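Here's the structure, in structure tokens; my notes come after.
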Amino acid sequence: MKLPVTLRLYLVRLGARFMIPGPVREIARTLSSHGHEAYVVGGCVRDLVLGRTPHDWDVATDAPPAAVMSVFPDVRPTGVKHGTVTVIMRGMPVEVTTYRVEGRYTDRRHPDVVRFVRRLEDDLGRRDLTINAIALHPGGRIVDPYRGVDDLKRRLVRAVGDPLARFDEDPLRMLRAIRLAAELVFDMDEKTYEAIKAKASLIRNVSAERIGEEVARALVSPKPGFAMELMRETGLLKYVIPELLEGYGFPQNEHHAYPVWEHSLIALEEMPPVLHLRWAGLLHDVGKPRTASIVDGERHFFNHEYVGASMAENILHRLRFDQKTVEKVTHLVRNHMALHYQNDMTDAAIRRLIRRVGLENMPDLITLRRADRIASGKKEGELSSGTELLLDRIQAVLAEEAAFSLKDLAVDGHDVMAVAGIGPGPTVGRILRALFDDVLENPHHNTREYLLPRIVALKSELASVANTAGNDRVSAEMDVHDHPS
């Protein structure tokens, strides 16, 4: 059980020298020995007071960058223009930033002018949120001019000073505020919330990479659905993932209790906090509004999984996610209907399903199917009896030791080239795929004794098809020549 903030604060004050890592304390002590102030600031202080483990440590000081660089042997000038250098102390990188105040943010990311100051309180006033504007001296003194500790007690995300000014300076702070509310399970201060609504369009000035990073952290937070709903309410979603708004208020059918948007948020929160799984939960039905139709009085969404996969790919590429994440998410969205059982499914159909989905993706697909079913709001049990029967059939087919990819075939490309007497090229791939289709239908054919003679036959079949196509093309050309239009 976590301790109340008041008690945690007392422990932080009492045991700061034990809670702050040795290299960070050594940096502060060195600066102090040269006549300078040094405080731990920002998210690390917030996390200490909340009983969380800080991942990054930042130090603020009244020493100008040149002075900091002069007293440490290993320093990197990572942001000297804005007062920041990185001190490497016993292998640990620590950002050390000079107290500063800032001018206008013309590019809405970096201040046009930075002026170094002597007072810590002035430096804290330029920060984004009150819970990030708390400073801790290694000796235990807390400096909190903007009542960030009170906001930690109230579990409230609130901007420092005028929220409109803070978001004008760097619009990404709007997404950061929402992400922190979701990570910490905090409420949003009313003035801060209204300021995000007023300034939402400014998010267009922020790079896709920075936006994607904040969205990713919000998605793997304890309350990803809360974050997405805040983005919708404040208007940020319109500029970040507008495709999702198509599902807001969009009705489904008798199999679902909720419109597409609410259904997607429930599925999102039912997924484990793994980025590609959370994305799949959020986007699995994104294609429904674009595929809705009425057939015999019933609402349908034919092929929404394929349309949704294309939309998911576009969204993730736009937000600059890595290709591996894009591929995992789009594969899950495209196949999220694959575990619906049909009574006439043959073993060959089961094998083709396994090949299409991939054994390595089956656990993720089952997890998505479970979340999708729960989010329907109308179905009992985490999986349907049909899905459970299908999984039993898959298990039985797997026990046959059948081939599920080309590498499982008893022959390979070298065998094809040797038997067919051909060199590397597309024909080798065509023959291998034909052999694989044969084995999918009948796993007992996956022997060298059966497949090697088939290579010769397939070479002849492919040659015959090629000749026929060539003759048809020549005939068509002669026909055009003899009968000009």
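Each reported figure results from applying straightforward, stated rules to the coordinates on display, with no laboratory input. Since the model is a prediction, treat every value here as computed from it, not as a measurement. With ideal geometry, Cβ positions are generated from the backbone for all residues, glycine too; neighbour counts draw on all protein chains shown.
Using 0.36 nm per residue of separation minus the Cα-Cα distance, give me the extension gain between Arg141 and Ser33 in nm, one decimal.
That pair, Arg141 and Ser33, stretches by 37.1 nm at full extension.
Please report the antiparallel percentage of DSSP beta bridges with both residues in the chain, rounded to the nearest 5.
The antiparallel proportion sits near 80 percent.
Under 5 Å between amide H atoms, partner at least 5 residues away or on a different chain: which partners does Gly125 have, H built in plane at 1.01 Å?
Those qualifying (amide H under 5 Å, at least 5 residues apart or on another chain) number zero.
Using 7 Å Cα-to-Cβ label points, what is the His55/Lys153 separation (nm, one decimal)?
3.0 nm
Any idea how far apart Ser201 and Asp122 come out in nm if each label point goes 7 Å out from Cα toward Cβ?
3.6 nm
Evaluate the distance, in nm, between pseudo-label points positioned 7 Å from the Cα of Glu461 and of Lys191 along their respective Cα→Cβ axes.
Each label point is offset 7 Å from its Cα along the Cβ direction, giving 7.6 nm.
Hey, which of these cross-link pairs are over 30 Å Cα-Cα: Lys191/Lys223; Lys153/Lys324; Lys288/Lys328; Lys2/Lys379; Lys81/Lys223; Lys2/Lys81?
Long pairs (Cα-Cα over 30 Å): Lys153/Lys324; Lys2/Lys379; Lys81/Lys223; Lys2/Lys81.
What translational diffusion coefficient, in µm²/s and rounded to a whole number, does the Stokes-Einstein relation yield for the chain at 4 °C and a viscosity of 1.567 mPa s, taking the hydrodynamic radius as the Kirkwood radius over Cα pairs?
48 µm²/s
Under the definition of Cα pairs under 8 Å and six or more residues apart, what whole-number percent is the relative contact order of the chain? Can you show the working numbers first?
On the way: 748 pairs, mean separation 38.1, N = 485.
It comes to 8 percent, rounded to a whole number.
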